[in-house]
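Presented below is the structure to which this report refers.
Read-outs throughout are calculated quantities, based only on the coordinates presented, and are distinct from any laboratory measurement. This structure is a prediction, so every number in the text was calculated from the model and none was measured.
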Amino acid sequence: GMNNPSGCLDVVGAVEMSIVLITDTFPSSANQMYNDVPYVMGDFSSENEDGFERWKEFVDHFNLEVLNQTTKEHEVAYDHYYQKTIYAMPECKPAEPKGLSGGQNFGVLAKVPVIVQ
């Protein structure tokens, strides 16, 4: 695939996504990294004051995984809380592509969905 596509590209399929969390820039201090982990998000709630423990509860609740780029294996996202990141889950049902890009929707779902420009 191309990292920086240009011009008009065809949309060949789409899937609905549920956005679970969008992170901002972390505080400069590493021990404050998890301060932004929400106490309440959708049907998740936690009273745990420890940010990392709250993050683990959040990950467990939404069953968040990441794809390890080295091993190509899925891992529980405990150690994968990143700056400026969108954590999302596929709804696992095809969606009608919308917009002006055209193309065909073959109903093929990606194993590892990615958001593209």
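Assorted remarks:
- By definition, a body whose alpha carbon gyration tensor gives a ≥ b ≥ c is oblate when a/c is 1.5 or more and a/b is not larger than b/c, and the range 18-85 fits this oblate description.
- Compared with the alpha-carbon gap, the fully stretched path from ASP36 to GLU91 is longer by 17.2 nm at 0.36 nm per residue.
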